[in-house]
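Single-structure report; data block below.
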Amino acid sequence: MIKQIIQQVAEKSPCQFQQLESPFEELDFYEAKDSRFQRFLVVLEVNQLCSPSKLNAQVQDKTPESLLTKPSFAKNTDLVILFKLDELTELPQQEHSIFDIEENAYSLKKHVLYYTTKELDQLKQYLDRGEDIDSLISSSEAFTRYKENPSEETAFSLTCRLFVKLPFLAAPIQESTLEDANKIADQLLSEKQLLTFFQSIELQLDKGSEYKKVMETLIDEQMAN
């Protein structure tokens, strides 16, 4: 199921990844269909984490020749390694191996996507209701629950990891939820009884007064008070 979810989000991404035929059950290869992107994606499912060199060799040996001969493949390929945990409490035991893999600069750019069966089942139920991960990652209610208990295994915790580990995904921005920065600044200045003071600065600058002269005048006024 996790590979199906990745396939869905990869195909709907700006790159419009298209899955290529592969004879290997544990390996999926994708190529960006949109001509603006020269990007590739390899998804590898493993039962245990091994050294970066072994991962590189495993993928290299099974990559189709049609991809290896493309100059952009070596530089523009992300390798996503799928690794299932029984519980998230096992993560500390795997963190060192994950760090070694993701920080390895040789060959492909690597991302370890770990998950649990409970997380995957909850995300599947969410998607089966006709929802999408963009809606889930934007949910303030789910985010609040996640902040209160980051170790809880939920559909949201796995979705967050998808957006972190899949570099072609970007969380949607809801501009309507953003407050006007000027209003926030005015409110803070008003609370500190400084709003009139700063408005007087803006008024003098709008009249064409030089910034240095304005500040000298204001300093003189403050010293006099």
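Each reported figure results from applying straightforward, stated rules to the coordinates on display, with no laboratory input. From a predicted model like this one, the values you see are computed outputs, not experimental measurements. All Cβ positions, even for glycine, are placed from backbone atoms using ideal geometry, and neighbour counts span all protein chains on display.
Observations
- Too-long pairs where the Cα-Cα distance tops 20 Å, listed order kept, from Lys62/Lys118; Lys54/Lys110; Lys147/Lys183; Lys62/Lys84: Lys62/Lys118; Lys147/Lys183; Lys62/Lys84
- Summed side-chain charge close to Leu82 - residues other than Leu82 whose Cβ falls under 10 Å, Lys, Arg +1, Asp, Glu -1: 0
- Segment 49-187 pair-distance distribution - Cα-Cα, 5 Å bins, rounded %: 2, 8, 14, 17, 16, 13, 12, 9, 5, 3, 1, 1, 0
- Projecting the Cα atoms of Gln94, Tyr106, Leu82 onto the charge dipole of segment 75-166, computed from C-beta unit charges around the Cα centre, puts Tyr106 farthest toward the positive end.
- Stretching Lys12 away from Asn76 to a fully extended chain increases their span by 21.2 nm, per 0.36 nm per residue minus the current alpha-carbon distance.
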